[in-house]
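Chemist: Questions regarding the structure given below will be posed in turn.
The values are calculated or read from the model by the stated rules, or taken from the named source; none is laboratory data. Because the structure is predicted, anything quoted here is derived from the model rather than measured. We place every Cβ from the backbone using ideal geometry, glycine too, and count neighbours over all the protein chains shown.
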Amino acid sequence: MLTADAGRTVKVKLIPGNKYLLKNINDDFAPENITLQRVDKALHIIQEGDTQPSIIIEDYFNGDPNNPVLMGMAEDGLLYAYVPLSGESYDTGYLMADGSMSPVALGGEPLGAGGLF
């Protein structure tokens with residue numbers, strides 16, 4: 001579980017097989033919209049209204065075709081994946097060229113109940 005604080009950047013190293021759940025610091029809900037940026041092998045997570053990443057997942061782009069998607073709990077209490085607003089598939093992680101940015105939002109089919117997190 002990754003909790004973003006606007007005052008500092010949280011850095012974590014990708015652990016294969018882990019799931020990454022985002023949530024706000026003040027409640028259990030995830031930010032609805034975020035922007036992802038690829039910087040070399042790292043995935044930068046930039047919250048709406050920010051210019052700098054609040055979370056960096058190091059080695060996200062390590063060549064593994066099964067990198068995890070980010071998830072969050074919506075206000076309905078269910079977990080959803082962050083899906084690209086472009087409509088591109090996210091089934092194998094977020095495929096991005098180095099330096100590119102992609103706006104994403106919670107969406108798609110529910111992935112289960114989020115109350116346990």
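Chemist: Tally up the residues in the stretch 47-68 that are surrounded by fewer than 18 Cβ atoms within 10 Å (Cβ to Cβ) and either modelled with pLDDT under 85 or not in a strand (DSSP E or B) (or both), please.
Modeler: Residues flagged as surrounded by fewer than 18 Cβ atoms within 10 Å (Cβ to Cβ) and either modelled with pLDDT under 85 or not in a strand (DSSP E or B) (or both) within the stretch 47-68 amount to 11.
Chemist: Moving on to the next point. Being at pLDDT 85 or above and over 14 Å from Ile45 (Cα atoms) is the filter; apply it to the stretch 99-117 and report the residue that is surrounded by the fewest Cβ atoms within 10 Å (Cβ to Cβ). Talk me through it step by step, then tell me what you get.
Modeler: If we filter the stretch 99-117 for residues that are at pLDDT 85 or above, which is where we start, we get 99-111.
If we keep only those that are over 14 Å from Ile45 (Cα atoms) as well, we get 107-111.
Details: Gly107: 14, Gly108: 12, Glu109: 7, Pro110: 13, Leu111: 15.
Step by step, filter the stretch 99-117, then rank; the result is Glu109.
Chemist: Is at least one residue of the stretch 19-34 over 20 Å from Gly114 (Cβ atoms) and either within 11 Å of the chain's Cα centre (by Cα) or part of a loop (DSSP other than H, G, I, E, B) (or both)? Talk me through it step by step, then tell me what you get.
Modeler: Within the stretch 19-34, the first condition is being over 20 Å from Gly114 (Cβ atoms), and the residues that meet it are none.
Checked against the condition, which is being over 20 Å from Gly114 (Cβ atoms) and either within 11 Å of the chain's Cα centre (by Cα) or part of a loop (DSSP other than H, G, I, E, B) (or both), the stretch 19-34 yields no hits at all.
Chemist: What residue, among those in the stretch 1-18 that are part of a loop (DSSP other than H, G, I, E, B) and surrounded by fewer than 15 Cβ atoms within 10 Å (Cβ to Cβ), is modelled with the lowest pLDDT? Can you show your working first?
Modeler: If we filter the stretch 1-18 for residues that are part of a loop (DSSP other than H, G, I, E, B), which is where we start, we get 1, 6-7, 9, 14-18.
Filter once more, so that each one left must be surrounded by fewer than 15 Cβ atoms within 10 Å (Cβ to Cβ): 1, 6-7, 9, 15-18.
Numbers: Met1: 53, Ala6: 57, Gly7: 68, Thr9: 88, Ile15: 87, Pro16: 82, Gly17: 81, Asn18: 84.
Filtering the stretch 1-18 for residues that are part of a loop (DSSP other than H, G, I, E, B) and surrounded by fewer than 15 Cβ atoms within 10 Å (Cβ to Cβ), the one modelled with the lowest pLDDT comes out as Met1.
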